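Here's the structure we're looking at; comments come further down.
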Amino acid sequence: MTPADPVPQTDPAARPTGAPAPAGRLRAGTRPPAVLLVPAAVAAAFALLPLGYLVVRSLERGPAFARDVILDERTAQLLGRSLALAAVVVAACLLLGISLAWLTVRTDLPGARAWSVLVTLPLAVPSYVAAFAWLSAFPGIEGFTGAAVALTLVSFPYVYLPVTAALRGTDPAQEEVSRSLGHGPLGTFRRVTLPQLRPAATGGAVLVALYVLSDFGAVSLMRYDTFTRGIYTSYRASFDRTPAAALSVVLVVMTIALVAAEARTRGRAGHARTGTGTARPAVPAQLGPWRAAALAWCAAVTAVAVLTPLATLGYWLAVGNSATWDPGRLLDTAGTTLGVAAGGAALTTLLALPVGVIAARHRGRTAALLEQSAYAGHALPGITVALSLVFFAVRYAEPVYQELPLLVCAYAVLFLPVAVAGTRAAVLQSPPVLEDVARSLGRSPLRVLREVTVPLAAPGVAAGAALTFVVCMKELPATLLLRPTGMDTLATRLWTETGTGSFAAAAPYAAALILLAAIPSYLLGRHRT
Amino acid sequence: MTDLQITGLTKAYGPGAPVLDGLGLTVPAGSLTAVLGPSGCGKTTLLRIIAGFLRADAGTVALGDRTLSGPGLHLKPERRRIGIVPQEGALFPHLSVARNVAFGLTGPGRTARRRRTEEMLDLVGLAGYGDRMPHELSGGQQQRIALARALAPEPALVLLDEPFNALDSALRTGVRADVRAALRATGATALLVTHDQQEALSTADLVAVVRGGRVAQCDTPHEVYRRPADPWVAAFVGDAVLVPGTADRGAADTVLGRIPLMDPPGVLRQGMVLLRPEQLRLTAADAAGASGTVTSVRFYGPDAVVTVEVDGIDRAVRVRVPGSTSARPGERTGIAATGEATLHAASV
Amino acid sequence: MRRPLVQRLTAIFAAAFLLPAAAGCGVDEDDAGLVIYSGRNEKLVKPLLDELEKAVGTTIAVRYGESAELAAQIQEEGGKTKAGLFFSQDAGALGALSTKGLLAKLPQPSLDKVDPAFRGGAGDWVGTSGRARVIAYNPDKVSKAPDSVHDLVKPEWKGKIGYVPTNASFQAFVTGMRVLEGDAATRTWLKGLKANDPKVYDNNLKVLEGVGEGEVSLGLVNHYYWYEQVAEKGAEKIKSKIHFLPGGDPGALVNVAGVGIVKGSDQAPVAQKAVDFLLSEKAQKYFADDTKEYPLAAGVTSSVEGLPPLASLDAPKIDLGKLESLQETLKMLQDAGMV
């Protein structure tokens, strides 16, 4: 038989017109099932707790007072400084994250596997330790530059990790097509690869931006005045919670706006492969004469991001005379830290799961609202979140006040987006048609979740959990306020020791913190989807 | 076994033209019906509504005496007993082949489930593959496992969503035949969604041609091809030749001569007479009747398609001739029609 | 690979969950007879608080944090606070709680142990130890340190001063100047100082090092840093000297760390014992000898060599509780381009 033309040629006017492509793959119009909706709503309500508290507090002295604080010239100035810092750090993180991801995934870089682990290690460095290290090494770096450098070097893995996963998931055939159409490697990267990495990179960039907005440790050490520092100043200098709360509300509103804007850029662009079967592994690009430069780049980033803090710790140990540390206590503290961080990561991941699945699988107002709510607490300084939980706990949950469960809840409020982003990305990677098939074979939504969605997304969810684990370990301000009295984590010990300038005594705690956080970072780096 | 009845199905995504516009269709029990249409005609939406993944704005879907979707009613997908075979199979990558097939088997008794799984693997010719993982199978094997998985719980209806798209053409024919045989063996009612007219005509018992969210024609493959409802359907299911004609007592007078009409023309006098290229033949250049100039010859092996500018009309017609034709572009040729034709309004 | 990661992480989480049970989480505050919220660093006061536990005869639980944040926590807890005693690093946080009426009035005999300058006006907090602002100088470069911070804006000191603008004690000193001399004068002074291009250090110890090494000639620090250095390295190795400013100069401000009993706490009787312990000779000696601060309770003098007695200092007379108005100070420092 003759292969007939599929499109009628007889009369072009008779071809179907105007029928929009169905958006069925995105589940437009279908409401998330109750089994997802209810827990997701619980998670969102959780994340919105601080906002509720902040509204109560900021209106304590009447709306006029709050308005004056928010409309103060200084507020706008601080906001501008925070946003400028966030913009620079995000840009730098994108540059570092994407370039390193491409080098480690798509080129014949010698030792690519080892590099992919090394460049995730900076995640383990608390921003205050990084800032301290940079200040010790280069006292003149303080201010905007110092804050930007320190924050970039601890947060670029937020971009590196998702971009790496996306690079592994994209179809190299598309790049080959682009090359065959006359675009050079750079042009292809810019026109074909980069757009496909955009969802992953923007997701990471949002986490970086929120991290920068919420950071207090690095900016205070670097003496760069930001919005968060303004909030702390309000607590520390004037012992006044009302302006702090009003400023925090601004931060929450900005966060939600940022997340909504990010959701907009996601748009309707699909970024899955359209081909059949599994993707061929990409043929690594030959670096050729650029090999040395590429190696130097990876080495330089690793050195400045990982070795600088480690070298500083070494220096503390070498020159200090306060090194009367107690290995038993260090071990105990490390154990406690692992425990609370694991609890935090577990609860956060559990809460993030329904939100992440809805964010990946559903569109519409409800889905957007749930996802944005999850981010509400992320840009807030730890102190604000901690105080809001104090507020609610003494009123409604006194038995858990200053007990582990409340601390774990604080971690969940603070870090929910980290786990949501991981879950969402993981769920996006498995085709929704698998869930349809499972439904058609008689599975209820809950069982589909348990038997198909979660097992398939498990590696990504686990990666998100590992990331959450790392950030929980590093957390300080909320831990200080909400920990059970007498309990210490590595971060609080570090705070105690550095508080009296006992840097040699602090070094083992900082080292333990970095090493322990490096284990999940290491697993994240090795994790290949 | 049960009929699938769809009436007045309407679905729109936001404002603008609806994707489904009052679609109606009946799939007889035990048949394999193809839903054929160009991309964007709404066939995927139709399939998702039947399966229960989407809610229709209006209309009903019923399976036998069970209404699945209707006003104020939407049975959940897992309650419908409708199996689906998606594009590219969509096997669960984290489960072995056997566990994929057994996924829908919820009845008690491990041995019963295992027996049914083996039966299904046997049915699709992949006995002994149960312990493999999906990525260890070829595309065609994956597709057959996907069918086995859909058939295992004895669904009332199986939906096949362009299941052969991903396969290369050599493999496609074989898998298509296997799937058809498996469906026959189980007596399942099946709906095959495809944009490939060849696939629809060669595989299905009935072909429903969908256009702009409605069924333009639903009939046996033979009838749809031979007696298309309109020139669009004709051109979509095959190659069509249209020449102006005037109806006159059960036949039409055209530049190609007098051609018998299958159906009485009714009130239509003037219109377009629709023929298939294989109804035309080339005759000697000086033979009586119509003549024209060969403009191109496309050779396909067993046959060839010759395009001829016919004297007296302003359009070229295509003629399917044996591959051994000696026609060459630029030559003069005679042209004649055989068999019956249909007459359509010229405006379409 | 997929599974190994999941399995490994699961194992780590499982292991980590079990650890804290073994490690223990310190004293359960519900069993404690007294809960202290301490803004003073654990390293500084832990040995003293261990003694305090023995003295009050019941278990105590101590929650360490930043003074200001603990003050905010106490405010947030309201009547349901777990704290019996608030031990603050500085007077400002105590003043803030006092203003909100969250501190209980202390018995007069306790208050009377301390000079009225070093306790709350409302009688609801009391200083436990003091620290004086001093000027450190390098005798090789400067024959005599200036007697007033107002001299520091003179051109002769251009580029020769070291300070830590972010340090809480420096900011308290500026606040003190505002209380003493008004905002306009303070602003002028800050502008003058900034115009003299002072060198910014990270912390007081670095200022002392800078002075000792001659990087700068003068430094604005707290007195006890110098005495700690002397104790640690020996007087002969310390090249810098310190000068206590006379005449009630704002640069001679003496700030205090202090305690208050949190109102509405059923721990008040024990807290009262704790306050008395902190004002006892034993505790006051601890501050004098171990933290090199000034003991504040009457009758106790520091045994630190060379430290002038508190009574001999000519500190400015201000209500330390008013040092809570730091916000405005910070704004001035920001306007002056210092922080």
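Lysine pairs in the stretch C:55-173 8 or more apart or on different chains: how many have alpha carbons under 23 angstrom apart?
11
Taking the Cα centre of each part, how many Å lie between the stretch A:374-423 and the stretch C:316-336?
33
Which value, to two decimals, describes the C-alpha radius of gyration of chain C once divided by 2.2 N^0.38 Å?
Numbers: Rg = 22.3 Å, N = 339, 2.2 N^0.38 = 20.1 Å.
Computed over Cα atoms of chain C, the ratio equals 1.11.
Assign unit charges at the C-beta atoms only (+1 for Lys and Arg, -1 for Asp and Glu), then state the dipole size of the protein assembly as shown relative to its Cα centre in Debye, rounded to the nearest 20.
With Lys and Arg at +1 and Asp and Glu at -1, about 2160 debye.
Report, in degrees rounded to the nearest 10, the 0 to 90 angle that the Cα long axis of helix A:34-58 makes with the longest principal axis of chain A.
40
Based on the Cβ-Cβ distance of residue B:184 and residue A:444, what FRET efficiency does E = 1/(1 + (r/R0)^6) give at R0 = 45 Å, to the nearest 0.05? Walk me through the numbers on the way to the answer.
Working: r = 32 Å, r/R0 = 0.71.
With a Förster radius of 45 Å, E is 0.90.
Setting aside same-chain residues fewer than 8 positions from residue B:11, which lysines have a Cα under 26 Å from its Cα?
B:43, B:76
To one decimal place, what Kirkwood hydrodynamic radius in Å is obtained for the stretch B:151-237 from all pairs of distinct Cα atoms?
13.9
Note down the magnitude of the dipole of the stretch B:241-344 about its Cα centre, charges +1 on Lys and Arg C-beta and -1 on Asp and Glu C-beta and zero elsewhere, to the nearest 20 debye.
Computed charge dipole of the stretch B:241-344: roughly 160 debye.
How do C:90, B:314, C:276 line up, fewest other C-beta atoms within 10 Å first? Don't jump to the answer; show the numbers that get you there.
Numbers: C:90 25, B:314 7, C:276 18.
Neighbour counts put them in this order, fewest first: B:314, C:276, C:90.
Rounded to the nearest 500 deg cm²/dmol, what is the calculated helix-only ellipticity per residue at 222 nm for chain B, with -39500 (n - 2.57) per DSSP H run of length n ≥ 4?
Only helices count here, giving -6500 deg cm²/dmol.
Mean residue ellipticity at 222 nm from the helices of chain A, using -39,500 (n - 2.57) per DSSP H segment of n ≥ 4 over the full residue count, to the nearest 500 deg cm²/dmol?
-23000 deg cm²/dmol
Using a basic spin-label model with each label point 7 Å from the Cα along Cα→Cβ, how many nm lie between residue C:331 and residue B:66?
Calculated label separation equals 7.3 nm.
How high is the FRET efficiency between residue C:54 and residue C:80 when r is their beta carbon distance and R₀ equals 35 Å, given to the nearest 0.05?
Numbers: r = 29 Å, r/R0 = 0.83.
The calculated FRET efficiency here is 0.75.
Select from A:69, A:137, A:470 the residue farthest towards the positive end of the dipole of chain A; place +1 on Cβ of Lys and Arg, -1 on Cβ of Asp and Glu, and compute about the Cα centre.
Of the options given, the answer is A:470.
Please compute, over every Cα-Cα pair in the protein assembly as shown, the percentage with a separation greater than 43 angstrom.
Value for the protein assembly as shown (Cα pairs over 43 Å): 54 percent.
Over all directions, the average projected area of the alpha-carbon convex hull for chain A comes to how many nm²?
Quarter of the Cα hull surface area: 30.7 nm².
Using a simple spin-label model with points 7 Å from Cα along the Cα→Cβ vector, what separation in nm is obtained for residue C:282 and residue B:79?
Taking the simple label geometry, residue C:282 and residue B:79 are separated by 7.6 nm.
Residue farthest toward the positive end of the dipole of the stretch B:241-344, with Cβ of Lys/Arg at +1 and Asp/Glu at -1: which of B:338, B:299, B:245?
B:299
Round to the nearest 0.05 the FRET efficiency obtained for residue B:295 and residue B:263 when R0 = 30 Å and r is the Cβ-Cβ distance. Present the calculation step by step, with values, prior to reporting the outcome.
Values: r = 32 Å, r/R0 = 1.07.
After rounding to 0.05, the efficiency reads 0.40.
Please order A:46, B:164 by the number of other Cβ within 10 Å, starting at the fewest.
Result, fewest neighbours first: A:46, B:164.
Which value, in debye to the nearest 20, gives the size of the charge dipole of chain A about its Cα centre, when Lys and Arg are +1 and Asp and Glu are -1 at the Cβ?
So the dipole magnitude of chain A works out to roughly 1160 debye.
Specify which residue in the list B:203, B:137, B:64 is farthest towards the positive end of the charge dipole of the stretch B:4-231, using unit charges on the beta carbon of Lys, Arg (+1) and Asp, Glu (-1), about the Cα centre.
B:64
Please state, to two decimals, what the Cα-based radius of gyration of the stretch B:241-344 comes to when divided by 2.2 N^0.38 Å (N = residues).
1.07
Quick one: Cα centre-to-centre distance for the stretch B:10-58 and the stretch C:176-245, in angstrom?
82
Using just the helices of chain C, give the 222 nm mean residue ellipticity in deg cm²/dmol: DSSP H runs with n ≥ 4 each add -39,500 (n - 2.57), and the total is spread over all residues, rounded to 500.
-12500 deg cm²/dmol
Sorted from fewest to most neighbouring beta carbons within 10 Å, what does the list A:473, B:262 look like?
In order of increasing Cβ crowding within 10 Å: B:262, A:473.
Rg over Rh of the stretch B:4-231, using C-alpha atoms and the Kirkwood radius, what does it come to?
Looking at the stretch B:4-231, the ratio lands at 0.97.
Each reported figure results from applying straightforward, stated rules to the coordinates on display, with no laboratory input. All figures in this text were calculated on a predicted structure; none of them were measured in a lab. Don't worry about glycine lacking a Cβ; one is built from the backbone with ideal geometry, like all the others, and counts go over all protein chains shown.
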